[in-house]
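Below is one structure, written out as structure tokens, with a few remarks after it.
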Amino acid sequence: TEGPAILQYVADLAPEKGLIPVAGAARYKTIGWVNYIATELHKNCGPLFAPGLTEEQRQPLLARLSGRVEHAEQQLAETPYLLGDQATVADFYLFVVTGWFARLQISLEQWPNIVAFRERIAKRPSVLAAMDREGLL
């Protein structure tokens, strides 16, 4: 029932897609990013969805989240995807979580590498199809 485990399982079902390396350091770097997104980004978005959240309550939550997003921003300044030239499950997870920002009224302008990353991911036919099925287009 946990996202990081599910992402690894789904990626392992189709190893030919390269969504997670089969073995070695690259696999564990991917798992590290998936867990970072789960514990530092996803988890820190949760409180921002609370109904009745005041601006005074929101500001420290945003500051905490912003600091965590900065780590991904810096990585994406060096590579098109979190782990290099090929998208992995970590990238798709980051795409989903940063997609919540519009609903949370968090501008991505301060993170231009994440904006460019989201544009790259959003052009993928499989992402377009999934977003269409979810009514997100």
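The values are calculated or read from the model by the stated rules, or taken from the named source; none is laboratory data. Please read all numbers here as calculations on a predicted model, not as lab measurements. FYI the Cβ positions are ideal-geometry reconstructions off the backbone, even for glycines, and counts take in every protein chain you see. For accessibility, only protein heavy atoms count, side chains too; no ligands or nucleic acids. Shrake-Rupley method; radii C 1.70, N 1.55, O 1.52, S 1.80 Å.
General observations
- In Hz, Karplus ³J(HN,Hα) per residue of the range 72-84 (6.51, -1.76, 1.60; θ = phi - 60°; x = Gly, Pro): 5, 4, 5, 5, 6, 6, 9, 9, x, 10, 4, 10, x
- Surrounding net charge for Phe49, when Lys and Arg each add one and Asp and Glu each subtract one, Cβ distance under 14 Å: +3
- Accessible area per residue for the chain, computed on protein heavy atoms with a 1.4 Å probe, is 59 Å².
- Relative counts (whole %) of C-alpha pair distances in the range 64-105, using bins that are 5 Å wide: 5, 21, 28, 28, 13, 4, 0
- Sequence-ordered 3J(HN,Hα) estimates for the range 108-113 from the Karplus curve with 6.51, -1.76 and 1.60 and θ = phi - 60° stand at 8, 3, 6, 10, x, 6 Hz, glycine and proline given as x.
- Of the listed residues Phe101, Phe49, the order by accessible area with a 1.4 Å probe, largest first, is Phe49, Phe101.
- Pairs of Cα atoms farther than 28 Å apart, the chain, %: 16 percent
- Straight-distance crosslink candidates among lysines, where the alpha carbon sits under 18 Å from Lys17 and sequence neighbours closer than 8 are dropped: Lys29, Lys123
- Summed side-chain charge close to Val115 - residues other than Val115 whose Cβ falls under 11 Å, Lys, Arg +1, Asp, Glu -1: -1
- The residues neighbouring Glu70, those whose beta-carbon lies less than 15 Å from its own, together hold a net charge of -2 under the Lys/Arg +1, Asp/Glu -1 convention.
- For the chain, size of Cβ-based charge dipole, Lys and Arg +1, Asp and Glu -1, in debye: 140 debye
- The residue list Leu94, Gln74, Leu108 was ranked by how far each Cα lies along the charge dipole of the chain toward its positive end, using unit charges on Cβ atoms, and Leu94 comes out on top.
- Taking only protein heavy atoms and a 1.4 Å probe, the accessible area of the chain is 56% carbon and sulfur.
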